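Peer 1: I have a structure here, written as structure tokens, and I will follow up with some questions on it.
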Amino acid sequence: MDVDDDPADDLDRISALPDDLLHVILSFLRDEIMATRTAVLSRRWRHVWTKSQELYFVDWYPNKQRKKRGRWFPGFVNWALARRGDADLQSLSIIMSRPKNATSDQVNDWICYAMQRAVKTFTISSPVVHSSYLPIVELPSHGRAESIKLSMSSFRLRLPASQDARYEALIELDISSTWFDEEDGVGVRGRTLGDFVSTCCPRLRKLKLWCPKKLTRLVLRADELEELRVSLADDLLTLDVRAPNLRVFGLNLFRLGQLPRPYWKLIESGVVRIVAPRLEEIDMDNILGWRSRDLRIGDLTSVRRLSNLGLEMHGQYCWETDYGFWLLTNCPNIEHVGLHLRHNMLSMHELVDLMDIDAPQLHKVRSMIVKASDSRPEHFFATSVHSLLLMCPGLRSLCIDITDGDQISLFEDRDTLASHPDITLEFLQEASIIGFTGTDQEMYIVSFLFGISPSIMTMTIHRAKEVTLNNITTDSDDDDDGGGDLNPSNLLKIPSTCHETYIPGSDTAIRKRGRTTDPGCIYELSPRTRMASSSDPSMDTVAPHAAVTSERKLNLDLQEQLPKPYLARALVAVDPSHPQGTQGRDARGLSVLQQHAAFFDRNNDGIIYPWETFQGLRAIGCGFPVSFTLAIVINLALSYPTQPGWMPSLLLSVHVKNIHKAKHGSDSETYDTEGRFDPSKFDAIFSKYGRTQPNALTKDELNTMLKANRNMYDFIGWGASSLEWKLLYSVAKDKDGLLQRDAVRGVFDGSLFERLQDSKKSS
């Protein structure tokens, strides 16, 4: 420094930063070795890292340095943990890339430290070792972490044997590539995994097992378990689960591309038995499946989603003994299906023709994802899709993923199409193709989808990553392979039935998202909104100069889906899936709005007092402070308008018979001014704002709707609507953060409140 410089310029400004800010800066390093080196930056940084709430140790180095540095990696971890003393931390991760970098005693010490100090998450990983002898590491008898992720390929895991072992805070347990210290499902010296989960983890909600070794039997009795996923469990012979709150069950027992060693043993004696009355989603993707008698799942009426379902098909024929097909035919209420079509059938016996008149129908399916797996022309992939679409007449959203397909052929012989039953998907509104390369066959698929649906609104095309603007089909004859330079306007040449493709405010039919040179560019084909008469503009629902009418679309086929949707119903809340309202529900002569309010009339005397509102809110799962506050706010707002006379009620009573007088503005208008249910207004909630899924709302879509419904200067209505919908979202959203259509319909007639109350009682 020059002698004439101001001494103030040499101040240690970093030392003036607060510790919390320094911890945030260190958290971006994601490596404790790098964090300790920051001590050279400032005197205060020498010890700041020891108080960081997230520690991440990893011994990944270049090959020349890995062996050398791996020797002192355990010592560094021990030194760093010792510098922290007894201080708690939020997260601890230890990742080893070499099997000999730590002994079993050192790993046991790390695990014990983490179980005592880590409050949120603990992760430890070691590489795969091919050895007949593996040292044992053991979980301590008590742990404080909410999430534990173990990948102990270099060790054999032993679970605590102590009868007092407890992991009270554990919510998520993820075990992958780990050898268990079990023989025939019995712990050698410790507990079995099933016993550990059932007795030591009372709050466990998620259990994930990936490639467990020497785990032959898993018996679970877990009241709070909501998600169970088992993958690549080659040694597992018995899976017995009883979980009253299980929502998601995933099973993938076989390795892709090979027949696992215990396969025939599984066919003979293996069993999967699941008792989960609230099961909503089943996720299965196996290369080969058991017969249906080996897969024993209890009541399947609650299942709404089948995801990544492996299905063995050859054209229109499906392997009848495949449990993928068994699940399709035995889940009567599924609304979403995700299929992974495979073509690995060992024989052509025991096949079912999905185009046969007696083939099963999936009337309630609203969305479908079909993914190709190593498809070749002789596999007739598109014929398989054709037969699956025949099974789903009510389909509204379709996605075809051909990313993994080598060669996609619509039909081996185009003339074969004439012999197949015609398809008309009256309700299909959205379709997408992923992995599009622009071949003639793929262009024909786009045309085919437009042709089978008179109501399709948007076709989204995702280009394959390796395809650029210069190698998708055009009219150029320069390429002998039929390819050429991409001209996206070629998509405009696709014939469509009763459609003109256009984008409001533009001369082109294609809306492109992304840069022109982006290989993942997306194209959207948007057909003109269909009118009852192409020559009658009075029936058009889109005004070219009012962009909002194009953004917030109406369901033009509602009258075909539901009789007289314009007619407000006084007693029942109806939609296309519930044309008679909630099944088995007695309206008791009350209007739909009165039924909604009557749930909070706990003594059924027709009057709701604040303490009854409080009890009702607690019954559907609201916390004490929220219920107490809302009980006062709601009764204070609704009491006076519903009084039979002019005198207010000092007890803030709400009269159910006059509840229609308390209807506020800036709402969806699903209730009319007399408390009836308007099906067309209810349907518009999802047709206008349900962009992610046609029958659900995300949190952002919900906020968009609330803003769109605001009436000018109606501040009370703004607040009331926001309070109602956000409270509904908090108690009724699913695991994906979606507010489903059926939940919203249920809140209008009060049936959702009863389901939430029953759910809380049983739990």
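The values are calculated or read from the model by the stated rules, or taken from the named source; none is laboratory data. As the structure is a prediction and not an experimental result, all values here were calculated from the model. Heads up, the Cβs are rebuilt from the backbone with ideal geometry, glycines too, and the neighbour counts pull from every protein chain shown. Just the protein is used for accessible areas: all its heavy atoms, side chains included, with ligands, DNA and RNA removed. Shrake-Rupley method; radii C 1.70, N 1.55, O 1.52, S 1.80 Å.
Peer 1: Provide the net charge surrounding Met705, with neighbours chosen by a C-beta distance below 15 Å and charges set as Lys +1, Arg +1, Asp -1, Glu -1.
Peer 2: +4
Peer 1: Right, here's the next one. Using a 1.4 angstrom probe on the protein heavy atoms only, could you order Phe57, Phe628 from most to least accessible area? Could you put the intermediate results ahead of the total?
Peer 2: Values: Phe57 0, Phe628 115 Å².
So, going from the largest accessible area down, we get Phe628, Phe57.
Peer 1: Go through region 98-198 and name the trypsin sites (Lys or Arg not before Pro) that are in a DSSP coil and have 11 or fewer other Cβ atoms within 10 Å of their Cβ.
Peer 2: Passing sites in region 98-198 are Arg189.
Peer 1: I want the local charge near Arg745. Using Cβ-Cβ distances under 11 Å, sum +1 for each Lys or Arg and -1 for each Asp or Glu among the other residues.
Peer 2: Net of charged neighbours comes to -3.
Peer 1: Based on the mean of other beta carbon atoms within 10 Å per residue, what is the order of 356-366, 650-660, most packed first? Intermediate results must be reported in sequence, preceding the final value.
Peer 2: Working: 356-366: 14.9, 650-660: 17.8.
Ranking the peptides 356-366, 650-660 by packing returns 650-660, 356-366.
Peer 1: Can you pull the semi-axes for region 686-733, root of five times each eigenvalue of the Cα gyration tensor, sorted largest first, whole Å?
Peer 2: 20, 14, 6
Peer 1: Grab the other residues whose beta carbon is less than 15 angstrom from that of Ile632, score K and R as +1, D and E as -1, and report the net.
Peer 2: That sum, taken over residues with Cβ under 15 Å, equals 0.
Peer 1: Step by step: find N for region 69-130, compute 2.2 N^0.38 Å, then divide the Cα radius of gyration by it. What's the final number?
Peer 2: Output field value: 1.11.
Peer 1: Shifting gears a bit: Among 425-437, 689-701, how do they line up from the highest to the lowest mean number of other beta-carbon atoms within 10 Å?
Peer 2: Per-residue Cβ counts within 10 Å, averaged per peptide and sorted highest first, yield 425-437, 689-701.
Peer 1: At 1.4 Å probe size, what's the solvent-accessible area of Lys681? Round to the nearest 10 Å².
Peer 2: 80 Å²
Peer 1: Also: From the phi angles alone, apply the Karplus equation (6.51, -1.76, 1.60; θ = phi - 60°) to region 198-206 and give each ³J(HN,Hα) in whole Hz, x where the residue is Gly or Pro.
Peer 2: So the J values, rounded to whole Hz, are 6, 10, 9, 10, x, 9, 4, 10, 10.
Peer 1: Across region 565-762, how many lysine pairs, 8 or more apart or on two chains, come within less than 17 Å at their alpha-carbon atoms?
Peer 2: The result is 12.
Peer 1: When the gyration tensor of region 565-762 is built from Cα positions, what are the square roots of 5 times its three eigenvalues, in whole Å, from largest to smallest?
Peer 2: Value: 25, 19, 18 Å, ordered largest first.
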